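Read through the structure below, which is laid out as structure tokens, and then see the notes.
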Amino acid sequence: QVQFVESGGGLVQPGGSLTLSCRTSGMFFDAYAMGWYRQAPGRQRELVGAIARDSTTNYADSVKGRFAVSRDNDKNTVYLQMNSLKPEETAVYYCNAGLTDASSTTFSNFEYWGPGTQVTVSS
């Protein structure tokens, strides 16, 4: 079955950077658009950024210019490069996937979620 394993989180100071990774299995990675999401305590999960099969990307307004999503189809892995991090971006970060057109970043994700990786932005 599909599995997502997120990693790379940690404690970082405001203004710092982190790169998250999400390794997938149980799916034909190349066929899926991928998304990164986050959920802060007491808040709903939100989409941070997504990447289409053709590597077209799309981002939430709050992270545009600071975050970048990329994918490595050979490694079945999607990445989230985060720069200029803010304390309010402290959250658990997750990845997910969906089937859609080659250049689309809009999709219905799997109901299954991996464990996520904790990102804490604090001085």
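The table that follows gives values for the structure above.
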{"read-out": "Positions within the stretch 53-83 being part of a loop (DSSP other than H, G, I, E, B) and open to solvent by less than 60 Å² (accessible area, probe 1.4 Å), in sequence order", "value": "Thr56, Ala60, Arg66, Asn73, Asn76, Asn83"}
{"read-out": "Filter result for Ser103 (of a type outside the set (A, V, I, L, M), in contact with a Ser or Thr (Cβ under 6 Å, 6 or more places away or on another chain), loosely packed, with under 15 Cβ neighbours inside 10 Å and farther than 22 Å from Leu11 by Cα)", "value": "yes"}
{"read-out": "The stretch 90-115 residues that are over 20 Å from Phe67 (Cβ atoms) and β-branched (Val, Ile, Thr), paired with ones that are open to solvent by less than 80 Å² (accessible area, probe 1.4 Å) and in a strand (DSSP E or B) (beta carbon under 6 Å, 6 or more apart)", "value": "Thr100/Ala33"}
{"read-out": "Wholly within the stretch 1-51, strands (runs of 3 or more DSSP E) carrying at least 1 residues that are under 10 Å from the mean Cα position of the chain (by Cα) and under 19 Å from Thr100 (Cα atoms)", "value": "33-39, 46-51"}
{"read-out": "Subset of the stretch 84-111 (residues that are on the phi < 0 side of the Ramachandran plot, in a loop (DSSP other than H, G, I, E, B) and modelled with pLDDT of 95 or more)", "value": "Leu85, Lys86, Thr90"}
{"read-out": "Subset of the stretch 87-100 that is open to solvent by 20 Å² or more (accessible area, probe 1.4 Å) and in contact with a strand residue (DSSP E or B) (Cβ under 6 Å, 6 or more places away or on another chain) - its residue that is farthest from Arg45 (Cα to Cα)", "value": "Thr100"}
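The values are calculated or read from the model by the stated rules, or taken from the named source; none is laboratory data. Quick caveat, the model's predicted, so the values are computed rather than measured. Heads up, the Cβs are rebuilt from the backbone with ideal geometry, glycines too, and the neighbour counts pull from every protein chain shown. The protein model used for the area step is the full one, side chains on, heavy atoms only, and it has no ligands, DNA or RNA in it. Shrake-Rupley method; radii C 1.70, N 1.55, O 1.52, S 1.80 Å.
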